[in-house]
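S.K.: Take this structure first; my questions come after.
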Amino acid sequence: MVTGKIKVLNETGIHLRLANEIVSAASKFEATVMLEKEGLEVNAKSMLGVAMLGAEQGAELTLNIEGSDEQDALDTLTGLFETNFGREMI
Amino acid sequence: MPQEYTVKEFFEENSEEFDLEVLTDNLGGPIPITSEDIHRPAFALTGFMENFLHKRIQIIGETELLYLESLDKGQVADAVARLFSQPLPCIIVTKGLDVPKKLLDLTVEHGVPLLRTTMQTTEFIHELTGYLELIFAPRTLIHGSLVDVYGVGLLFSGRSAIGKSEIALDLVERGHRLVADDVVETVRHGDAILGRGREHLKHYMEIRGIGIINVMDVFGIRAVRIQKRVEVVVQLEDWDPSKDWDRHGLDEHYTDILGIEVRQVVIPIFPGKNITVIAETIALNHMLKVYGIDAAKRLDQQLLDMMESDKKTRRYLLYDHE
């Protein structure tokens with residue numbers, strides 16, 4: 001089990017398209033990827049789950065990952081959040 | 001699209017519909033019908049020969065005949081002769097009007113079929129043009145199954161043996177209507193693509209393991225439909241875990257049929273997956289979109305609104321020093 005803290009940089013928060021990118025990235029790993037915001041934990045491989053977080057710009061999230069490729073998954077997802085999914089950062 | 005359409009075929013298929021009679025003996029004109037447009041040769045009769053579109057069906061109505069009546073005998077001969085300076089597919093006189101002898105003589109002489117309808121000129125031209133548009137419309141055969149699901153035309157496509165016929169059969173069993181299986185003849189009509197079965201294959205289906213069945217015999221008349229507009233193409237693909245499938249449906253995908261963009265939905269399939277229910281949902285969701293209700297867009301907007309207000313609260317608290 002690995003854990004990492006990430007911050008939402010995207011101006012409009014995690015909307016559906018962004019949720020899709022998170023789910024796509026998480027689904028490539030065998031590990032179970034959970035995303036947590038203020039005590040609410042959802043499966044990062046579920047579109048509606050990620051959307052349900054309603055993570056706005058500035059929100060702090062926690063990644064809880066467990067499985068054979070957990071470190072790889074954590075690095076990839078943290079990287080995506082840090083670069084704001086290749087989007088412009090405002 | 002037929003390259004040419006003979007006057008004989010035209011007459012045999014439409015003599016009742018357009019209330020047509022043949023005034024000449026032959027129906028084999030010098031040239032076949034090659035255009036969906038018609039021409040009224042009034043100007044050619046008067047001697048203005050530019051833009052005399054002789055390859056089209058020539059419609060002679062009251063205007064042309066009144067003009068001929070106003071002329072003396074010699075002038076009539078000259079006027080009518082101008083029409084035959086070029087080969088014509090056929091001449092159709094409207095409103096059941098009497099044909100001047102000179103015109104009849106020359107049509108016989110030049111072997112041009114002369115037909116007459118009892119219909120009014122404007123109405124006849126309107127219906128004839130509509131009919132010819134269909135005859136000359138671009139058409140193509142598509143490998144797939146077309147089913148009317150809740151009134152929405154779903155065209156299932158995908159590699160052979162992926163299960164298109166089985167899905168169609170399952171839908172029919174649930175009360176939907178089969179238009180064509182395996183080979184769908186599509187024709188462009190305005191901005192729409194119409195699909196139907198080939199004349200002799202109508203409502204036959206090949207189910208692996210059973211063989212050939214006739215859907216109308218097995219399920220009755222309400223299980224079939226002759227023609228349906230193709231509204232959504234459901235592309236069936238083998239499930240591939242490395243491929244990214246559409247999860248949100250915010251973006252519309254289209255495929256080209258005869259130059260028209262038709263909505264396309266790609267569905268991954270694997271054993272045990274109930275495609276029939278998914279197909280029904282595709283049809284219902286399509287109808288909702290037609291009515292302006294888009295679930296994905298609405299959810300996205302709700303999310304954006306909620307996050308925007310959370311952001312404002314966060315900012316307020318951040319600068320709230322008391």
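The values are calculated or read from the model by the stated rules, or taken from the named source; none is laboratory data. Given the structure is predicted, the values throughout are model-derived calculations rather than measurements. Virtual Cβ from ideal backbone geometry, glycine too; neighbours counted across all protein chains shown. Quick note on the areas: whole protein, heavy atoms, side chains included, nothing else; ligands and nucleic acids left out. Shrake-Rupley method; radii C 1.70, N 1.55, O 1.52, S 1.80 Å.
S.K.: Is it the case that the range B:140-148 has a residue that's more than 24 Å from B:Ser35 (Cα to Cα) and free of Cβ contacts under 8 Å to residues at least 40 places away in the same chain? Spell out the reasoning first.
M.R.: Our first condition is that a residue be more than 24 Å from B:Ser35 (Cα to Cα); within the range B:140-148, this holds for B:142-148.
Subset that is free of Cβ contacts under 8 Å to residues at least 40 places away in the same chain: B:145.
Yes, the range B:140-148 contains a residue that is more than 24 Å from B:Ser35 (Cα to Cα) and free of Cβ contacts under 8 Å to residues at least 40 places away in the same chain.
S.K.: Which members of the range B:223-255 meet the condition of being over 19 Å from B:Lys164 (Cβ atoms) and either loosely packed, with under 11 Cβ neighbours inside 10 Å or not assigned by TED's automatic domain parsing to the domain that holds B:Val266 (or both)?
M.R.: B:Pro241, B:Ser242, B:Lys243, B:Asp251, listed by residue number.
S.K.: Here's a follow-up. Looking at (1) more than 27 Å from B:Arg188 (Cβ to Cβ); (2) modelled with pLDDT of 90 or more, which is the one condition that is false for B:Gln58?
M.R.: Of (1) more than 27 Å from B:Arg188 (Cβ to Cβ); (2) modelled with pLDDT of 90 or more, only one is false for B:Gln58: (1).
S.K.: Scan the range A:34-73 residue by residue and report those that are within 24 Å of A:Glu11 (Cβ to Cβ), within 14 Å of chain B (Cβ to nearest Cβ) and not in a loop (DSSP other than H, G, I, E, B).
M.R.: Once the filter is applied, which keeps residues that are within 24 Å of A:Glu11 (Cβ to Cβ), within 14 Å of chain B (Cβ to nearest Cβ) and not in a loop (DSSP other than H, G, I, E, B), the range A:34-73 yields A:Lys37, A:Leu40, A:Val42, A:Met47, A:Leu48, A:Gly49, A:Val50, A:Ala51, A:Met52, A:Leu53, A:Glu60, A:Leu61.
S.K.: Mind counting the residues in the range B:165-217 that are touching a Ser or Thr at 6+ places or on another chain (Cβ under 8 Å), within 16 Å of B:Ala137 (Cα to Cα) and assigned to a loop (DSSP other than H, G, I, E, B)?
M.R.: 0
S.K.: Also, quick follow-up: Identify, from the list B:Gly151, B:Gly111, the residue that is more than 26 Å from the chain's Cα centre (by Cα) and open to solvent by 10 Å² or more (accessible area, probe 1.4 Å). Show your work before the answer.
M.R.: Details: B:Gly151 fails: more than 26 Å from the chain's Cα centre (by Cα).
From the options B:Gly151, B:Gly111, the qualifying one is B:Gly111.
S.K.: Of the residues B:Leu318, B:Leu284, only one is open to solvent by 70 Å² or more (accessible area, probe 1.4 Å) and touching a strand residue (DSSP E or B) at 6+ places or on another chain (Cβ under 9 Å); which?
M.R.: B:Leu284
S.K.: In the range B:48-103, what residues are among the hydroxyl-bearing types (Ser, Thr, Tyr) and open to solvent by less than 50 Å² (accessible area, probe 1.4 Å)?
M.R.: Just the residues of the range B:48-103 that are among the hydroxyl-bearing types (Ser, Thr, Tyr), to begin with: B:63, B:67, B:70, B:85, B:94.
Scanning the range B:48-103 gives a single hit, B:Thr94.
S.K.: Taking B:Thr118 as the residue in question, decide whether it is open to solvent by 40 Å² or more (accessible area, probe 1.4 Å) and touching a residue at least 40 places away in the same chain (Cβ under 8 Å). Walk me through how you get there before you give the answer.
M.R.: Working: open to solvent by 40 Å² or more (accessible area, probe 1.4 Å): yes; touching a residue at least 40 places away in the same chain (Cβ under 8 Å): yes.
Spelling it out, B:Thr118 is indeed open to solvent by 40 Å² or more (accessible area, probe 1.4 Å) and touching a residue at least 40 places away in the same chain (Cβ under 8 Å).
S.K.: While we're looking at this one, here's another question. If you check B:Glu21 against the conditions, is it surrounded by 13 or more Cβ atoms within 10 Å (Cβ to Cβ) and free of Cβ contacts under 8 Å to residues at least 12 places away in the same chain?
M.R.: Considered against the rule, which asks whether it is surrounded by 13 or more Cβ atoms within 10 Å (Cβ to Cβ) and free of Cβ contacts under 8 Å to residues at least 12 places away in the same chain, B:Glu21 comes out as no.
S.K.: Here is a further query. When residues of the range A:1-33 are filtered for being open to solvent by less than 10 Å² (accessible area, probe 1.4 Å), within 14 Å of chain B (Cβ to nearest Cβ) and either among the β-branched types (Val, Ile, Thr) or at negative phi (or both), how many remain?
M.R.: Number satisfying all stated conditions: 8.
S.K.: Can I ask one more? Spot the failing condition for B:Met307; the list is (1) touching a His at 6+ places or on another chain (Cβ under 9 Å); (2) within 14 Å of another protein chain (Cβ to nearest Cβ); (3) in contact (Cβ under 8 Å) with a residue 24 or more places away in the chain, and only one is missed.
M.R.: (3)
S.K.: Can you run down the residue pairs with Cβ atoms below 9 Å, 6 or more apart or on separate chains, where the first is in the range B:64-88 and assigned to a helix (DSSP H, G or I) and the partner is of a type in the set (Asp, Glu)?
M.R.: B:Leu65/B:Asp98; B:Val76/B:Glu69; B:Val80/B:Asp105
S.K.: Another one. What number of residues within the range B:287-303 satisfy the criterion of being within 14 Å of chain A (Cβ to nearest Cβ) and either closer than 14 Å to B:Val149 by Cβ or crowded, with 16+ Cβ neighbours inside 10 Å (or both)?
M.R.: Residues of the range B:287-303 within 14 Å of chain A (Cβ to nearest Cβ): B:294-303.
Among the residues that remain, those that are also either closer than 14 Å to B:Val149 by Cβ or crowded, with 16+ Cβ neighbours inside 10 Å (or both) are: B:294, B:296, B:299-300, B:303.
Residues that pass the stated criteria total 5.
S.K.: Something else: Scan (1) charged (D, E, K, R); (2) in contact with a helix residue (DSSP H, G or I) (Cβ under 9 Å, 6 or more places away or on another chain); (3) open to solvent by 20 Å² or more (accessible area, probe 1.4 Å) for the single condition A:Glu82 breaks and write down its number.
M.R.: (2)
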